[in-house]
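The values are calculated or read from the model by the stated rules, or taken from the named source; none is laboratory data. Not measured: the values here are computed from a predicted model. Using ideal geometry, Cβ is built from the backbone for each residue, glycine included, and neighbour counts are taken over all protein chains shown. These accessible areas exclude ligands, DNA and RNA; they are computed on the full protein's heavy atoms, side chains included. Shrake-Rupley method; radii C 1.70, N 1.55, O 1.52, S 1.80 Å.
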Amino acid sequence: MRILIVEDDKKIASFIARGLKQAGFAVDHTDNGGDGLHCLLAGSYDSAVVDIMLPVMDGLALIEELRRQKVNTPVIILSAKHSVDDRVRGLQAGGDDYLTKPFSFSELLARLQALIRRAAGAAETTRVAAGGVSLDLLTREACREGRKIDLQQREFALLEYFLRNAGRVVSKTMILEHIWGYNFDPQTNVVDVLVCRLRNKVDRDFDQKLIRTMRGVGYVFKV
């Protein structure tokens, strides 16, 4: 899952980015509305966190232009403005949720997860499963045929990505973008290492191997 943060306060942006990365998200950040709009138009993001008071282009103008161009990426608005009228303006501009500063990270995370589930057409879904493997997105527990699998943060994120794309080939570049974000050397072998670690945990004790390598193309989670 990839999130874009559009926030010019470096301290707040760092706080949000650190928390989201620890929760397993790939995170990009920009500090002005113009660059934020460019990123959202050019990239593939699962959600965005957008401040209102931004240089170059304010957050409401960014969201309005995003919606005008038919980009439906879910957006949470951050603002120091607390009035009902301010919230209404934010939602009318095309924001999906509105969170006032100061805020708790746990609330921001919960709202982001709800928006992403809603956008995927599964507002109540807290579990993803395929091929006898299941993930509980709330407890962060993984199982295969009832047997618990202990996963590290990025292993969990990769397995979730595989499950959501079961039967489809995903390239190394796609995995890099969704697990680490754009700011990573595409020539690195971190994807191979992570897939190998995950495969050892998911497939090692089973005859049926679910994580397959498509040589020269990428990987596929076979069901």
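Given the peptides 27-36, 9-18, arrange them by the average over their residues of other C-beta atoms within 10 Å, most packed first.
27-36, 9-18
Enumerate the amide H contacts of M53 below 5 Å, restricted to partners 5 or more residues apart or on another chain; note that Pro and chain-start residues carry no placed amide H.
For M53, the qualifying residues are G59.
Nearest 10 degrees, 0 to 90: what angle lies between the long axis of helix 105-119 and the longest principal axis of the chain (Cα atoms)?
70
Averaging sequence separations of C-alpha pairs under 8 Å and six or more residues apart, then dividing by the length of the stretch 149-223, give the relative contact order as a whole percent. The partial results should precede the final answer.
Numbers: 73 pairs, mean separation 33.3, N = 75.
Once divided by the residue count of the stretch 149-223, the mean separation gives 44 percent.
If the chain between Q22 and A80 were fully stretched, how many nm would it gain, using 0.36 nm times the residue separation less the Cα-Cα distance?
Gain on stretching Q22 to A80: 18.4 nm.
Within the stretch 78-165, list the chymotrypsin sites (Phe, Trp or Tyr not before Pro) lying in a DSSP loop whose Cβ has at most 16 other Cβ atoms in a 10 Å radius.
Hits after loop and neighbour filter: F103.
If you put +1 on each Lys and Arg Cβ and -1 on each Asp and Glu Cβ, how big is the dipole of the chain around its Cα centre, in Debye rounded to 20?
I would put it at about 880 debye.
If we sort 207-216, 51-60, 109-118 on the protection proxy, mean other Cβ atoms within 10 Å, highest first, what's the order? It would help to have the intermediate numbers written out before the result.
Numbers: 207-216: 12.1, 51-60: 19.2, 109-118: 17.3.
Highest-to-lowest ranking by the protection proxy: 51-60, 109-118, 207-216.
With the cut-off at 1.5 for a/c, could you classify the stretch 1-50 from its C-alpha gyration tensor as rounded, prolate or oblate?
Working: a/c = 2.91, a/b = 1.16, b/c = 2.51.
It comes out oblate by the Cα gyration axes.
With every protein chain left in place and a probe of 1.4 Å, what is the accessible surface of E107, to the nearest 10 Å²?
Roughly 70 Å² of E107 is accessible to a 1.4 Å probe.
Share of the chain's accessible area from carbon and sulfur, percent, 1.4 Å?
Numbers: 5540 of 11420 Å².
Heavy-atom surface of the chain belonging to carbon and sulfur, 1.4 Å probe: 49 percent.
Write down the percent of antiparallel bridges among all DSSP beta bridges whose residues are both part of the chain, to the nearest 5.
Bridges in the chain are about 50 percent antiparallel.
Answer with a single label: of [x] 16.5, 46; [y] 19.4, 60; [z] 18.5, 60, which was calculated as Rg and Dmax of the Cα atoms in Å from the structure in view?
[z]
Let me spell out the model: positive unit charges on the Cβ of Lys and Arg, negative unit charges on the Cβ of Asp and Glu, origin at the Cα centre of the stretch 51-128. What dipole size does that give, in debye rounded to 20?
240
Lys/Arg Cβ at +1, Asp/Glu Cβ at -1, dipole of the stretch 137-223 taken about the Cα centre: which of T173, F221, L138 is farthest positive-ward?
The one lying farthest along the dipole's positive direction is F221.
Any idea what angle helix 10-22 forms with the longest principal axis of the chain, computed on alpha-carbon atoms, 0 to 90 degrees, nearest 10?
The two axes meet at around 20 degrees.
Indicate the gyration tensor shape class of the stretch 95-148 (rounded, prolate or oblate), computed on the Cα atoms with a ≥ b ≥ c the square roots of the eigenvalues: a/c under 1.5 is rounded; otherwise a/b larger than b/c is prolate and the rest oblate. Show your work: numbers first, answer last.
Working: a/c = 5.83, a/b = 2.06, b/c = 2.83.
Cα axes put the stretch 95-148 in the oblate bin.
Send over a whole-number figure in Å² for the accessible area per residue of the stretch 1-154, probe 1.4 Å.
50
Using the Karplus equation 6.51 cos²θ - 1.76 cosθ + 1.60 (θ = phi - 60°), what ³J(HN,Hα) coupling, rounded to whole Hz, does each residue of the stretch 47-56 give in order, writing x for Gly and Pro?
For the stretch 47-56, the Karplus curve yields 6, 9, 10, 10, 6, 7, 7, 10, x, 6 Hz.
Please determine, in degrees from 0 to 90 and to the nearest 10, the orientation of helix 153-164 with respect to the longest principal axis defined by the Cα atoms of the chain, where the helix direction is its Cα long axis.
Computed tilt is about 80 degrees.
For the chain, how many pairs of lysine residues have a Cα-Cα distance under 21 Å, where the two are 8 or more positions apart or belong to different chains?
Count of close lysine pairs: 18.
From the phi of every residue in the stretch 78-86, what ³J(HN,Hα) in whole Hz does the Karplus formula 6.51 cos²θ - 1.76 cosθ + 1.60 yield, where θ is phi - 60° and glycine or proline is x?
These are the phi-based 3J(HN,Hα) values: 9, 7, 7, 7, 9, 6, 4, 4, 5 Hz.
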